[in-house]
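The values are calculated or read from the model by the stated rules, or taken from the named source; none is laboratory data. This is a predicted model, so every value here is computed, not measured. Virtual Cβ from ideal backbone geometry, glycine too; neighbours counted across all protein chains shown. Note: accessible area is taken over every heavy atom of the protein model, side chains too, but ligands, DNA and RNA are not part of it. Shrake-Rupley method; radii C 1.70, N 1.55, O 1.52, S 1.80 Å.
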Amino acid sequence: MVQIIFFLNFMQEQLTIFFSTLAVSSTLACNVVPGLRLYAVFDSLTALAYCSIALSLVYFTRQGSHRKIFRLFAVVFFAWGAAKLTEVWTLWHSIYWLSVTLKAASALISWLLAATALALMPKALAESGLNQKENLQQLPLKQVEQNQHQHDIEKGELAKQALNFYPSDTIVDRTLALNSLNEQLEKEIADRHRVEEKLQLTQFAIDRSADAIFWIGPDGKFLYVNDAACSSLGYSAAELLDLTIHDINPDFPETAWSLHWKVLKRCGSVNIEVHHLTKYGRIFPVEITIDHLEFNGKEYQCAFARDISERKRIEAALREREQEFRSLVSNIPGAVYRCSAAGRSSLTFISSGIEAISGYPAANFMQKPVQAFPSIVHPQDAEHIETIIDRAIKTKQPYAIEYRLIHCDGNVRWVAEKGQPLFNTAGEVLSLNGAIFDMTERKAADDALRLSEAIANNRAQQLEIALKELRETQAHLIHTEKMSSLGQMVAGVAHEINNPVSFIYGNISYASQYIRDLLQLVELYQKHYPQPVVEVQECIDNIDLEFLTEDLLKILSSMKMGADRIREIVLSLRNFSRLDDSVKKHTNLHEGIDNTLLILHNKLRARGDYPEIKIIKDYGKIPLIECYAGQLNQVFMNLLSNSIDALEDACNQKRRSSPRASLTAADGDDWKPTISIRTEALNENSICIRIADNAIGMTEDVRSQLFDPFFTTKPMGKGTGLGLAISYRIVAEKHAGALSCRSTVGEGTEFAIEIPL
């Protein structure tokens, strides 16, 4: 409450002073009369505003002539004069409130003018920055900057016009307009910096260009050179700028410069090859591209020079090679050609040897030909030639063609052509290169030779077929005779063995019964006479009656089993030999397979280094088959023997690959030699027997020759190559069936026997 009362008293005091009448003098100090403090405050503010305006005016005066700044200068001086007049007037008219009001108005105007000057400061700074750009060495870049500067000046004038467009606007509106123009100017300054950066990058790229670059004036003097020009000529940039084009180009006399300037001005651009002279006297060839340019009313010539010494050397070497090539192809007995990607209708080169082949000179077929090369090709061969060449282009391979040409005398001549398409890195055809040889005489000789060879081959084939049939027949007869003799021998041996075996087998049962009776009698004696005499007791102890009683029956049982085995073997031999198979009989094929396995039992069991071969039987329900049982048994014997041999080879191979592995476990893995036999009825009219093994299999080349007579993969003396061939004939010819083989390397082989019912 006390503070509010104090503030109200202070305001009352100030208002009383403000409307009081005091003598005001500029010579009075502020601390003489307390009421003059406001004078001191406003005078101080006015003085500070005058200082700011004065600094701005000094800066604008240094930057150049500006109408708006001159107006500002006039207004400032007017305000200053008005303030001074008011101060003089108040010396005689001491109205305090009027004097203070005028002082306040003068201070306010001064501050507004100072704010306007500060708002124009960025514009002045931007114009100053544009005037202080660094000078670049290249003349065209300087001209570009001058144009840009001129463009910015025009924009500045537009901005000034925008400031003066509404002279009656308020100060606030003018301030907003100035801020908007300031933002536009900052954006244009940023764009100017980007343009300058691009220009500097362009200048850097030109200086570092691999080609020598020269800017030449109308008098032939160099206006600009890059680093490559200095490096190639051995001069520094300053030395070259003191020279003319005639000093480095001995092919360009000064007298021709005026004509050259006029011609190039008319043409605009020219590409020529000249020589340059270095500082040290070396002359080297260059390729120059010269452009005539006009810029800002001035004319220049821009020359790009490239050293072509290496290219000239290569061209000279190519010319030498071409001469060697032409000399070489002219001595080739034939015609060498090259054609474009359009085909042989557009030959770019063909040697003179074509005249000896076709009767037409080589010039007839060259560029702008008198006649196209395809016009002398036989019409029936044209499509064939195009097909082969198109295929060679697609596959990117050489091609070889034999076709006919029509000689100028109308005769037909055979030619052989070999060629190859050439491609660029994009895979497009560049050209076709090749050679053409006359083969008319060779063709006639070949035809005669082929005819005689065909006759001789026909006779040889007939003889070979007759000889093959004879050998097969002879081998078959020999094998049949051997099998017949073997069958008779086996049948005889089986018959002779069967009699004593039958005697033994028949008496074993009686002997067993007699011995049981005797042993029963001994048991009765032991039961009723438990205490035999000493002599009998000693005999019982000596012969070990208890052991004899147990073992004797086992011996008789073993003898019976052996006799049964002998009888089965004899029966299998008799069934296998089948001397009574001159006619077909209904036979159980399962019995034939079992008899064959019984005969091969010795080769199936484990022996020495070979593990046991496991037999897996998968017999299906098949009817009795009308067949030659003995011959089918031979087929089973051959197929099973081959499977056993293949499994033995597989064991040997695994043993060689791992010498320290177990001999019975085949490298210690889960592989076990196995033969699978499966029978099934394919349909109502045929059955199939499949015999498969898990050996190493065979290649397709071996499998395709498997049933050929005398073909074998076994070593000399172990196989004759007739087993599978005879088996095939037995199945195919004797039984109207089919014997096939399916094999996979590393997995095994399967034989399939199909027999019709």
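Of the residues making up segment 210-241, those that are of a type in the set (Gly, Ala, Ser) and open to solvent by less than 50 Å² (accessible area, probe 1.4 Å) are ALA212, GLY217, GLY220, ALA228, ALA229, SER232, GLY234, ALA237.
Quick one: which residue in VAL225, VAL274 is touching a residue at least 24 places away in the same chain (Cβ under 8 Å) and under 22 Å from SER209 (Cβ atoms)? Spell out how you get there, then give the answer.
On the way: VAL225 fails: touching a residue at least 24 places away in the same chain (Cβ under 8 Å).
Step by step, each of VAL225, VAL274 is checked, and only VAL274 is touching a residue at least 24 places away in the same chain (Cβ under 8 Å) and under 22 Å from SER209 (Cβ atoms).
Cβ-Cβ distances below 6 Å connect the following pairs, each with a first residue in segment 582-597 that is in contact (Cβ under 8 Å) with a residue 60 or more places away in the chain, a second residue that is in a helix (DSSP H, G or I), and a separation of six or more residues or different chains: ILE593/PHE636. Within segment 407-426, if we keep just the residues that are open to solvent by 60 Å² or more (accessible area, probe 1.4 Å) and of a type in the set (Val, Ile, Thr), the residue that is nearest to PRO374 (Cα to Cα) turns out to be VAL412. For residues that are farther than 11 Å from ASN588 by Cβ and more than 60 Å from the chain's Cα centre (by Cα), scanning just segment 618-632, find the one that is least open to solvent (accessible area, probe 1.4 Å). The residue in question is GLY630. Just a yes or no: is a residue in segment 191-209 open to solvent by less than 30 Å² (accessible area, probe 1.4 Å) and in a strand (DSSP E or B)? No: zero hits. The residue pairs whose first member lies in segment 390-402 and is over 15 Å from LEU430 (Cα atoms), whose second member is in a strand (DSSP E or B), and whose beta carbons are closer than 6 Å, counting only pairs six or more residues apart or on different chains, are TYR399/GLY419; ALA400/LYS418; ILE401/GLU417; GLU402/ALA416. With respect to the conditions (1) surrounded by 14 or more Cβ atoms within 10 Å (Cβ to Cβ); (2) closer than 30 Å to GLY297 by Cβ; (3) of a type in the set (Ser, Thr, Tyr); (4) in contact with a Ser or Thr (Cβ under 8 Å, 6 or more places away or on another chain), THR244 falls short on a single one, namely (4). Restricting SER258, SER232 to residues that are of a type in the set (Gly, Ala, Ser) and under 50 Å from the mean Cα position of the chain (by Cα) narrows the list to SER232.
Per-residue answers, yes or no, for (1) outside any helix (DSSP H, G or I); (2) more than 54 Å from the chain's Cα centre (by Cα); (3) modelled with pLDDT of 85 or more; (4) β-branched (Val, Ile, Thr):
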site: TRP414; (1), (2), (3), (4): yes, no, yes, no
site: GLY427; (1), (2), (3), (4): yes, no, no, no
site: SER431; (1), (2), (3), (4): yes, no, yes, no
site: ALA448; (1), (2), (3), (4): no, no, no, no
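Across segment 731-756, the number of residues qualifying as part of a strand (DSSP E or B), buried (at least 21 other Cβ atoms within 10 Å of the Cβ) and not small (Gly, Ala, Ser) comes to 5. Within segment 160-198, the set of residues being at pLDDT 75 or above and either under 30 Å from ASN226 (Cα atoms) or of a type in the set (Phe, Trp, Tyr) (or both) comprises ILE189, ALA190, ASP191, ARG192, HIS193, ARG194, VAL195, GLU196, GLU197, LYS198. For first residues located in segment 250-261 and under 24 Å from TYR280 (Cα atoms), partners that are of a type outside the set (S, T, N, Q) and part of a helix (DSSP H, G or I) and lie 6+ apart or on another chain with Cβ distances below 7 Å form the pairs PHE252/ILE245; PHE252/HIS246; PRO253/HIS246; GLU254/HIS246. Considering (1) in a strand (DSSP E or B); (2) exposed (fewer than 15 other Cβ atoms within 10 Å of the Cβ), the lone condition that ARG404 does not fulfil carries the number (2).
Yes or no, residue by residue, for (1) assigned to a helix (DSSP H, G or I); (2) of a type in the set (Ser, Thr, Tyr); (3) at pLDDT 75 or above:
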residue	(1), (2), (3)
ASP541	yes, no, yes
LYS560	yes, no, no
LEU571	yes, no, no
ARG574	yes, no, no
ASP580	no, no, no
HIS590	yes, no, yes
ILE616	no, no, yes
